[in-house]
Amino acid sequence: MVRDDNFSQKIKCLYPGDTFLMEPLSDHVTWKIGGPADVLHMPSSVPHLKNVLEIIVEKEVPLTIIGRGSNLLVLDKGVRGLVVKLSRLKDIRVEGNEILASAGVSLPYLSRIALENSLSGLEFAVGIPAGTAGAVINNAGAHGGSMQDIVKDVTVMDLSGEIRILDYQDLAFGYRQSSLKNRKNYIVLKARLGLQKDHRHRIRDKMERYMEHRRQTQPLGAATAGCVFSNPKEGAAGYFIERAGFKGHRIGDAKVSTRHANFIINTGNAKARDVLILMDKIKRKVHENFGIILENEIQILGQGSEDFGR
């Protein structure tokens, strides 16, 4: 727990409806796994966020930023300091062929806004449960498309509260990554997306095809964090995990999906330790059988189970 009670109480007094002490992070990530945050704060505006940053910089409190929690494994002892969740920053503005989307806007909702405005380019995102900020940071993608194809610029705030705009060239996009992934001093506030006009029926048809493919190949509706491992250059990670015999394999309540082997499902009350042991077994066997080193696509936060999966 944060020792500086003055810090947590100051934020709690300023924003009582947006601040939660010892909040279980399992309630804030799609995997439904993880211990508590010392303090969880959910800002409803950018000035609100800036005020909170001023407090924690003054108090030297550890800061963790999360979005909609769709690719996170929170460890069993939780996260120390302040966790800021950006899911309440949901402003959207359509400007001609561009959409300006705040950090907490979900990609499925964003893709529907694009459809309503006859804008093509976001169809790939219709089934990705990420928010805009996380999607940009991790260059989320599917069906041959990704965020790097549509991002024009990103507005960020540093820990001093200064706001700046990063152009496409500043973002250094790569497979499931960008330069923002290791820039912990930047908080993504919004992204400007460049799209193209098209007939609405063509956009809708593509979105429906992508969603049907997901229904056929992924465990939709289950508690997962999406793909656990990045695809190696040799092919799809799920293919090698399946060939290694892990479909349906489980540790505790953590189970490899029988539909897509690169998904691990929380079947009830899985612990982060269960997931990490299972991930470790998968990595070892895939390396032993195929000489392939699987890299995590999920991000791991917090304390506990430190011996596994890092």
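Laboratory data are not the source of any read-out in this text; all were calculated from the coordinates shown. Remember, predicted model here, so these are calculated numbers, not experimental data. Here the Cβ positions follow ideal geometry from the backbone for every residue, glycine too, while neighbour counts run over all protein chains shown.
Would you please report the Å³ per residue occupied by the convex hull of the alpha carbon atoms in segment 95-149?
It is 71 Å³ per residue.
Can you tell me the Rg and Dmax of the chain, counting just the alpha carbons, in angstroms?
For the chain, the Cα-based Rg and Dmax read 19.6, 57 Å.
Apply the Kirkwood formula to segment 234-282: the hydrodynamic radius equals the inverse of the mean of 1/r over all pairs of different alpha-carbon atoms; give it in Å with one decimal.
10.6 Å
Give me the percent of DSSP beta bridges within the chain that run antiparallel, rounded to the nearest 5.
For the chain, the DSSP antiparallel bridge percentage is about 80.
Convert 10 °C to kelvin, take the viscosity as 1.306 mPa s, use the Kirkwood radius over C-alpha pairs of segment 28-186 as Rh, and evaluate the Stokes-Einstein diffusion coefficient in µm²/s, rounded to a whole number.
97 µm²/s
Among Thr64, Tyr109, Gly174, pick out the residue whose Cα is farthest towards the positive end of the charge dipole of the chain, where Lys and Arg carry +1 and Asp and Glu carry -1 on C-beta, about the Cα centre.
Farthest along the dipole direction, towards plus: Tyr109.
Eigenvalues of the Cα gyration tensor times 5, then square-rooted: what semi-axes does that give for segment 35-125, in whole angstrom, largest first?
Taking √(5λ) for each eigenvalue gives 31, 17, 8 Å, largest first.
Determine the distance separating the Cα centre of segment 32-64 from the Cα centre of segment 234-287; give it in Å without decimals.
Going from one Cα centre to the other spans 33 Å.
Build a GNM of the chain with springs between Cα atoms under 10 Å: which of Val84, Val286, Val154 gets the top mean-square fluctuation?
Highest fluctuation among the options: Val286.
Using unit Cβ charges (K, R positive; D, E negative) and no other charged atoms, how large, in debye to the nearest 20, is the dipole of segment 87-169 about its Cα centre?
Computed charge dipole of segment 87-169: roughly 260 debye.
If you place +1 on the Cβ of every Lys and Arg, -1 on the Cβ of every Asp and Glu, and leave all else neutral, what size is the dipole of segment 219-301 about its Cα centre, to the nearest 20 Debye?
Dipole size: approximately 200 debye.
Just name one of Leu193, Asn231, Leu100: the one whose Cα is farthest towards the positive end of the charge dipole of the chain (beta-carbon charges, Lys/Arg +1, Asp/Glu -1).
Going by the charge dipole, the pick is Asn231.
Which of Lys184/Lys255; Lys181/Lys247; Lys32/Lys77 have a Cα-Cα distance over 21 Å?
Lys184/Lys255; Lys181/Lys247
Charges only on Cβ, +1 for Lys and Arg, -1 for Asp and Glu: so what's the dipole of the chain about the Cα centre, in debye to the nearest 20?
With Lys and Arg at +1 and Asp and Glu at -1, about 720 debye.
Would you please calculate the Kirkwood hydrodynamic radius of segment 1-77 over all C-alpha pairs and express it in Å, rounded to one decimal?
13.0 Å
Can you tell which of Gln148, Leu276, Ala254 lies farthest toward the positive end of the dipole of the chain, using +1 and -1 charges on the Cβ of basic and acidic side chains (Lys, Arg; Asp, Glu)?
In the chain, that residue is Ala254.
In whole Å, what are the Cα extents of segment 92-216 along the three principal axes, biggest one first?
Sorted largest first, the three principal extents are 45, 31, 22 Å.
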